[in-house]
1. Give me a count of the residues in the range 260-279 that are surrounded by fewer than 17 Cβ atoms within 10 Å (Cβ to Cβ) and either farther than 18 Å from THR201 by Cα or in contact with a Pro (Cβ under 8 Å, 6 or more places away or on another chain) (or both).
2. Can you tell me which residues in the range 52-66 are of a type outside the set (Ser, Thr, Tyr), within 11 Å of GLU142 (Cα to Cα) and crowded, with 18+ Cβ neighbours inside 10 Å?
3. Can you tell me which residue among LEU233, LEU284, LEU307 is more than 16 Å from the chain's Cα centre (by Cα), closer than 16 Å to THR201 by Cβ and not aromatic (Phe, Trp, Tyr)?
4. Can you pull out the residues in the range 323-344 that are more than 17 Å from LEU20 (Cβ to Cβ) and not in a helix (DSSP H, G or I)?
5. Against the condition touching a strand residue (DSSP E or B) at 6+ places or on another chain (Cβ under 6 Å) and closer than 30 Å to LEU337 by Cα, how does VAL169 come out, does it pass?
6. So which residues in the range 221-234 are surrounded by fewer than 21 Cβ atoms within 10 Å (Cβ to Cβ) and either of a type in the set (A, V, I, L, M, F, W, C) or closer than 17 Å to ALA208 by Cα (or both), if there are any at all?
7. Suppose we filter GLY288, GLY275, GLY299 for residues that are part of a helix (DSSP H, G or I) and touching a Ser or Thr at 6+ places or on another chain (Cβ under 9 Å); which single one remains?
Amino acid sequence: MLELAFILILWAYLLLLLMLFSAYLSADKSNGSLEKSSEVTHLPEISILIPARNEEENILKCLGSILALDYPKDKLHILIGDDQSSDNTSNLVGAFIEKYPYFQLVSIQQTLGSAKAKGNVLANLMRLVQTEIVFVTDADIEVNPKWVKRLLPKITEDKYAIVSGTTIVKGAKLFHKWQGLEWYLGTGYIAGFDQLGIPTTAVGNNMAFTKTAYYATGGYENMPFSVTEDFQLYAAIREKGYRSYNESHPDSVNISAAQNYIYAFLHQRKRWLMGARALPWYWLFIFGLQALFYPCLGGMLLLHLSLAIKIWVIKIVLQQTFLLTMQLRLKQKIEWLAMVSFEFYSIWSILAMMGFYFSSNAMDWKGRKYN
């Protein structure tokens, strides 16, 4: 019976991976047309919100990329919310934006309703927004110059209320590149589910939504607190009957800074798992299969060595093909060394993440602790 349970879990995970990869491949190629970004004729005024807390190492790169956006500067309203930073974030932003009147630094001092952390920053910034279309990114993100023009038509022409692009992680170290491949898979799963017509989530550092849809939910100040505020907003907007879209295209790719230290990495993953408790059942099913794959594989290696090796090889080939396809489709450099060693990182990452999640350590995110 134990061997049968192991086999069912292992094959279920492989089937899920194949299903999502096939869905990702079936994405409408017309949606990937590189020309569509340049065909945008209606360019409304938009707001871009950037929550920032203790981001002195990243904030100037982020603002520099915002400055380089391919969009009329007189139609941009950039709101940077300084969330009581204890480092030099506020001074760096203040000095940077002196020459640019369409940038505004907002010191976040007020807590609105049930909102906390990043959700509270966004709730405060939304009260200053005067445009109908709102983009959101993070202070450790370098946005694509064509980011706005790529996502904008999905809202203005296709009438989606919340749209998300593709975020990937980059860095010089091998640890950074492993994280990047992990992000590829995560965004690939989201895009795959989207193609299957199953709502998933939006990526909070790469999304746009309408102010009408946002206030239809009551705003962050009227939502239960969640450490994953992007999924919380996405779910609330979907509940109100609005449509969503996840974009997988080179022009929608934003670059996130990687976690440099294992301590910060584990706390980031713990935050994701804490937020995942509110996800739909099918996401919990996926996380369960992913978490059980390696323990079940270990059991099978003891019970039926040849079958276990075959399943493991199939998993690696399918996963690597998925990663390679995404890097090619998004026109990113293929990280060959990281690809070859990624399976060993995956084993460590999942086991370390699960162990840390069930530990007594409170989740620490940017100097704030959450149980």
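1. Final tally of qualifying residues: 5.
2. Filtering the range 52-66 down to residues of a type outside the set (Ser, Thr, Tyr) leaves 52-64, 66.
Subset that is within 11 Å of GLU142 (Cα to Cα): 58-64, 66.
Answer for the range 52-66, where residues must be of a type outside the set (Ser, Thr, Tyr), within 11 Å of GLU142 (Cα to Cα) and crowded, with 18+ Cβ neighbours inside 10 Å: ASN58, ILE59, CYS62, LEU63, ILE66.
3. Values: LEU233 fails: more than 16 Å from the chain's Cα centre (by Cα); LEU307 fails: closer than 16 Å to THR201 by Cβ.
Exactly one of LEU233, LEU284, LEU307 is more than 16 Å from the chain's Cα centre (by Cα), closer than 16 Å to THR201 by Cβ and not aromatic (Phe, Trp, Tyr), namely LEU284.
4. Scanning the range 323-344 gives LYS331, GLN332, LYS333, ILE334, GLU335.
5. Numbers: touching a strand residue (DSSP E or B) at 6+ places or on another chain (Cβ under 6 Å): yes; closer than 30 Å to LEU337 by Cα: yes.
Against the criterion (touching a strand residue (DSSP E or B) at 6+ places or on another chain (Cβ under 6 Å) and closer than 30 Å to LEU337 by Cα), VAL169 qualifies.
6. Of everything in the range 221-234, those that are surrounded by fewer than 21 Cβ atoms within 10 Å (Cβ to Cβ) and either of a type in the set (A, V, I, L, M, F, W, C) or closer than 17 Å to ALA208 by Cα (or both) turn out to be MET223, PHE225.
7. On the way: GLY288 fails: touching a Ser or Thr at 6+ places or on another chain (Cβ under 9 Å); GLY299 fails: touching a Ser or Thr at 6+ places or on another chain (Cβ under 9 Å).
Criteria check complete, one pass: GLY275.
Residues are listed down the side, and each one gets a yes or a no for (1) within 21 Å of THR41 (Cα to Cα); (2) in the same structural domain as LEU324 (by TED's automatic domain parsing); (3) buried (at least 23 other Cβ atoms within 10 Å of the Cβ); (4) not acidic (Asp, Glu):
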position	(1), (2), (3), (4)
GLU132	yes, no, no, no
LYS146	yes, no, no, yes
LEU174	no, no, no, yes
GLY197	no, no, no, yes
ALA208	yes, no, yes, yes
GLY219	no, no, no, yes
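The values are calculated or read from the model by the stated rules, or taken from the named source; none is laboratory data. Because the structure is predicted, anything quoted here is derived from the model rather than measured. Using ideal geometry, Cβ is built from the backbone for each residue, glycine included, and neighbour counts are taken over all protein chains shown.
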